[in-house]
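Notes follow the structure.
The values are calculated or read from the model by the stated rules, or taken from the named source; none is laboratory data. It should be emphasised that the depicted structure is a prediction, and the values quoted were computed from it without experimental measurement. When we count neighbours, we look across all protein chains shown, and the Cβ atoms used for this are built from the backbone with ideal geometry, even at glycine.
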C-alpha cells in the first residue's frame, strides 16, 4: 500500500498518508475463490456480524467491483414502489382468462373474448373506475363458482366495493363531461362503460339467487323492495346494448357454449304450456277482477310473454325486453304487489331462468332465479295462490 501511495499519489511520508486517509466501513464480498471489499454506508453496519474485523482485509482490487451499488440499494425497496395487490391481480387474471368468455358478444366482427378481454381492458387500463367495473364482474362471477358460503360472501363483498367505485367514476364522467369536450377515446370509453354498467347491475343479484330461499324470514317489505330494485336494474339492462346481444362465445372452457342444451327443450315446452293455461287458473282462484284494466293488463302481459318465447333456440333479447313490452298499468300493479301481476312476472323470470340455464349465462341466471324465489316467498302465506308459482324452477 505504501508503494501504491508513493507511485500513484506521490505520497512519501506518514503525514502524506494521513492526509489522504479516512475511516470507512467495508463489506466483504465473496465470489468463487476471490475475496473483495466494497464500501457501505454507516446505516448498513447493523447488518454486519458482531466481531467483524474492518482492518483484517486484503489489498486486492478488481475493476468489476467499482460499479457495484451500495448494499442499501440492493436490499431496500424504493419508497415509490407500488404495493402489489394480489387479490386485484387474481380478479384481473380471472376476468381476462375466464369471465370475459361468459359475457355477451357485442360486435359482429369481434369475438367476445377479444372485445372484453382485449378492447375493453385496454380502455380500462386508462380509467381506474372502468377497471373497477371489470373487476366487479370478475368478482361476481367468482361467487357463482364457489360452493362454500363464506368464500362466496367474500367475493360478493369485494364485488360490492368495486361496483361502488365503478359507479362513482361512471356518474362523474357521464354527468360532468360536456359534449364539446368528448373525444373519440371518451366516446369509446363511455360506450364500454354503459355496457359494463348493464352487466354489473344484473350480476349483483347472483348471490340473491343463491340465498333468497335460505332466509328463514323474508318480510314482505324486504322482499318487495329487493324486487323493485332488481326490476329497475333489469329494465336498464333490457333497454341497453348488452340486452340486445345475448350471445356468448364458446371459449377454451367446456362449460361455455353458444347453443342451448338439448335437455332443456322439454322443460321449456312444459313451462310454455303452463303459461298458456295461466289465465284460466288465475280466473278460478281470483275470480272476477275489481277493475277491467287489471285483467286486460295481465292478459296483454301473458300474450307478450308468449310471443317473446316463441323461439327459445334463438337469441333471447326478446325475453329480456319483455318488461318494456308490458303496459304501464301492469308495471303499476307490480308496484302495488298485485298477486296476479307478480305471478305473471314470476313466469317470465322462470322462462328467462331456463333460457339462461341453457345458454349458461350466469348473471341472467342469478337475477331470474332471485325474482322467482322472492315472489314465491311473498306469496307463500296463501296456499291457493302459492300453487301457481310452485315448481317454476324445476
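Brief remarks follow.
- Residue selected from the range 227-237 under the condition more than 17 Å from residue 330 (Cα to Cα) and surrounded by 18 or more Cβ atoms within 10 Å (Cβ to Cβ), by the criterion modelled with the highest pLDDT: 233
- Which listed residue, of 387, 364, 371, is in contact (Cβ under 8 Å) with a residue 40 or more places away in the chain and either out of contact with any helix residue (DSSP H, G or I) (no Cβ under 8 Å at 6 or more places or on another chain) or more than 17 Å from residue 199 (Cβ to Cβ) (or both): 371
- Residue in the range 319-347 that is farthest from the chain's Cα centre (by Cα), counting only those that are under 20 Å from residue 270 (Cβ atoms) and modelled with pLDDT under 90: 322
- For residue 182: the one exception among (1) modelled with pLDDT under 90; (2) more than 19 Å from residue 365 (Cα to Cα); (3) surrounded by 22 or more Cβ atoms within 10 Å (Cβ to Cβ): (3)
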